[in-house]
Structures are given as structure tokens and as C-alpha cells.
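Note sheet for the following structure.
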Amino acid sequence: MDPSLRTLTIYQRARGRYTLCGELDMATAPQLDELDDVHGPLLLNLRGVSFIDTAGVSGLIRLYERCPHHSCTFLIEECSPPAARVLRLVGLYETFTEDGAPRRSNGDRSRTDLRPSTPTMEPWAAASD
């Protein structure tokens, strides 16, 4: 990949704590894969993210689902307005931030599955011939 196309910078503030600045899109989302070998909490600050697209959202989902240990938690500590808007639109803001449910360990059985659930249909609601 041409380095001039990369417009995302990832700063490590402390072990497992990162600040992202720039655009989180198809060209830069692969940089998130560098963060998937964290043992312990993975805390992201997205206040410097000026743009995020579906590839960026997919990269965040991959990080969330790769947290394989009981001691590993994934949390977005802070979001820029554009990043928060996109995460709200796709229904992940509450899952990824403190504003949602309590912090989850993705390595235990109470892990939230991000795939949509299959809708259930009442037998009486089925279409007739």
C-alpha cells in the first residue's frame, strides 16, 4: 500500500491504550490489525477520527471479536462527533462505549454476538395460502 494514502495515526498512550487520529477507512483500517495482540484491556480514544466508513467499522468489530482472553476488554473511551454518529447509525455505539452496557469480557460466555439475531415469527402470524 502506498504510504501517502495512509491518513490514520495510532498513538500508544500506555499499554493497551491507544489514540487514533485521522481517517479510519478502507485504506487505513488494516492498521487496526496491529492492535489485536493486546493482553488485557484494549482502550481506544477516537476523538481525533475525522472520518469513518464501513471498513473502519469492520476493523473495530474485528478488534472487539479478537479479544479472546478473560482479562481482555474492548472499550472506546471517547469518540469524535463523526465517529460517534457512524457507530450510532450502525447500532454499535452502546456496545463499544461506556454509555452502553457494562464493560464486557469478550472471552467469556456472556460475550455479545454482533451478528443480527434471527427474527422469530409467531405461528399465527404466518402467511396463509
What is the residue count in the stretch 77-95 for residues that are farther than 19 Å from L42 by Cβ and part of a helix (DSSP H, G or I)? 6
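Any residue at all in the stretch 74-86 that is among the polar types (S, T, N, Q) and at pLDDT 95 or above? Reasoning before the result, please.
At the first step, the residues of the stretch 74-86 found to be among the polar types (S, T, N, Q) are 80.
Among the residues that remain, those that are also at pLDDT 95 or above are: 80.
Yes, because at least one residue in the stretch 74-86 is among the polar types (S, T, N, Q) and at pLDDT 95 or above.
Condition check ((1) over 19 Å from T73 (Cα atoms); (2) modelled with pLDDT of 90 or more) across all residues:
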{"site": "P3", "(1), (2)": "yes, no"}
{"site": "C21", "(1), (2)": "yes, yes"}
{"site": "L24", "(1), (2)": "yes, yes"}
{"site": "A29", "(1), (2)": "yes, yes"}
{"site": "L32", "(1), (2)": "no, yes"}
{"site": "N45", "(1), (2)": "no, yes"}
Does R115 meet the test of being buried (at least 17 other Cβ atoms within 10 Å of the Cβ), among the basic types (K, R) and either on the phi > 0 side of the Ramachandran plot or modelled with pLDDT under 85 (or both)? no
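Filter the stretch 18-35 for residues that are surrounded by 16 or more Cβ atoms within 10 Å (Cβ to Cβ) and charged (D, E, K, R); which is farthest from the chain's Cα centre (by Cα)? Spell out the reasoning first.
Here is the first cut: in the stretch 18-35, the ones surrounded by 16 or more Cβ atoms within 10 Å (Cβ to Cβ) are 18-25, 27-29, 31-32, 35.
Remaining after also requiring charged (D, E, K, R): 23, 25.
Working: E23: 15, D25: 13 Å.
Looking at residues that are surrounded by 16 or more Cβ atoms within 10 Å (Cβ to Cβ) and charged (D, E, K, R), I get E23.
The values are calculated or read from the model by the stated rules, or taken from the named source; none is laboratory data. Since we're looking at a predicted model, the values are computed, not measured. Every residue, glycine among them, receives a Cβ derived from its backbone with ideal geometry; neighbour counts consider all protein chains shown.
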